[in-house]
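Trainee: For reference, the structure I am asking about is given below.
The values are calculated or read from the model by the stated rules, or taken from the named source; none is laboratory data. Source: prediction; values computed, not measured. Positions of Cβ are backbone-derived with ideal geometry, glycine not excepted, and every protein chain shown enters the neighbour counts.
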Amino acid sequence: MTTKALLHVIQSVGLEPHEAALYLAGLKLGSAPASAYAADTKINRVTAYNYLEELVKKSIFTSAEGGRAMTYAPVAPDQLSIEARKNVEALERAMPDLRSMMGKHHRAPHVRYFEGEEGILKVYEDTLTADGSLLNFANSQIVRTFWKEYDNDYVNKRIKNGIFLKGIAPDDAIGRRVHGKDSKSLREIRLVNAKEFPIHNEINIYDNKVAIVSFSENPSDLFGVIIESKEVAETQKQIFEMAWRFAHLGEGSHKGGTKNAKKEAAEEGVRKDQLNMF
């Protein structure tokens with residue numbers, strides 16, 4: 001990597017151009033006085049001294065008395081990486097408060113579009129960042145045809161991250177097989193009639209996001225979309241809840257029915273009879 005490229009990398013962790021130049025110089029010079037740094041970087045000696053003092057305050061450099069003048073030495077690149085991660089982690093912790101300060105003019109949805117197999121995998125990766133549960137519409141057979149190692153590569157990561165999934169899927173052979181492993185896979189799936197409600201695309205609703213994956217036999221036609229909007233996500237959560245309740249009523253088609261499902265279905269029949277009286 002060229003010196004110019006390295007300077008850009010160092011600046012990306014929050015250092016100014018002169019500070020980045022001094023850091024790279026320090027890796028070559030080791031412990032040296034400000035005059036040596038000034039000579040190597042062609043920065044004015046007083047300016048170099050002032051920047052070095054600021055870098056000491058930022059814990060990017062250390063200083064020590066070296067005879068007639070102070071000497072300065074940069075921290076190891078590994079330590080610089082740790083300091084950069086601390087800044088990122090601090091920003092992530094502050095993100096909820098920062099977002100809460102956003103006015104209405106900032107509420108336009110943030111939409112990201114992904115193409116091809118690599119793009120689809122990035123959409124799935126984003127769902128693994130969910131703070132809460134995943135609400136999911138999916139076709140168990142289609143996703144496993146597209147992604148042979150889906151259970152090993154994705155489901156196991158979701159379980160490791162402690163993300164619970166509530167899913168609605170077609171009631172077919174693969175759907176029933178996957179549904180049978182719910183207790184071991186940190187999820188609850190409800191099946192719906194595959195002919196009446198065919199599901200070809202996958203939708204995941206989580207946090208303030210809605211992720212949509214569109215499958216195709218042609219890899220070039222694969223695409224995914226992530227919509228980040230509190231309002232859109234809340235609406236989709238309500239739609240999912242309606243579908244979730246409906247799927248509960250239909251569970252008797254493949255499980256013999258639970259008491260609650262039978263009771264709700266019976267009550268629904270009574271309501272229909274009452275309406276027919278008018």
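Trainee: Can you confirm whether Ala194 is exposed (fewer than 14 other Cβ atoms within 10 Å of the Cβ), aliphatic (A, V, I, L, M) and more than 25 Å from the chain's Cα centre (by Cα)?
Mentor: Spelling it out, it is not the case that Ala194 is exposed (fewer than 14 other Cβ atoms within 10 Å of the Cβ), aliphatic (A, V, I, L, M) and more than 25 Å from the chain's Cα centre (by Cα).
Trainee: Across segment 126-160, what is the total count of residues that are of a type outside the set (Asp, Glu) and in a loop (DSSP other than H, G, I, E, B)?
Mentor: Looking only at that region, the number is 9.
Trainee: A further question follows. Taking the residues in segment 1-59 that are of a type in the set (Ser, Thr, Tyr) and in a helix (DSSP H, G or I) as candidates, determine which candidate is surrounded by the fewest Cβ atoms within 10 Å (Cβ to Cβ).
Mentor: It comes out as Thr3.
Trainee: Within segment 161-229, which strands (runs of 3 or more DSSP E) (wholly inside it) include 1 or more residues that are among the hydrophobic types (A, V, I, L, M, F, W, C) and over 17 Å from His248 (Cβ atoms)?
Mentor: 202-206, 209-214, 223-228
Trainee: Checking Phe197 against (1) in contact with a Pro (Cβ under 8 Å, 6 or more places away or on another chain); (2) among the hydrophobic types (A, V, I, L, M, F, W, C); (3) touching a residue at least 60 places away in the same chain (Cβ under 8 Å), which single condition isn't satisfied?
Mentor: It fails just one condition, (3).
Trainee: Right, something else. Kindly list the number of the only condition in (1) of a type in the set (Ser, Thr, Tyr); (2) touching a Phe, Trp or Tyr at 6+ places or on another chain (Cβ under 8 Å); (3) outside the structural domain of Ala21 (by TED's automatic domain parsing) that fails for Ser100.
Mentor: With respect to (1) of a type in the set (Ser, Thr, Tyr); (2) touching a Phe, Trp or Tyr at 6+ places or on another chain (Cβ under 8 Å); (3) outside the structural domain of Ala21 (by TED's automatic domain parsing), Ser100 is out only on (2).
Trainee: Sticking with this one: From the residues in segment 107-149 that are surrounded by 16 or more Cβ atoms within 10 Å (Cβ to Cβ) and aromatic (Phe, Trp, Tyr), which one is farthest from the chain's Cα centre (by Cα)?
Mentor: Looking at residues that are surrounded by 16 or more Cβ atoms within 10 Å (Cβ to Cβ) and aromatic (Phe, Trp, Tyr), I get Phe146.
Trainee: Given the conditions (1) polar (S, T, N, Q); (2) touching a Phe, Trp or Tyr at 6+ places or on another chain (Cβ under 9 Å); (3) in contact (Cβ under 8 Å) with a residue 40 or more places away in the chain, which single one is not true for Thr71?
Mentor: So Thr71 meets the others, but not (2).
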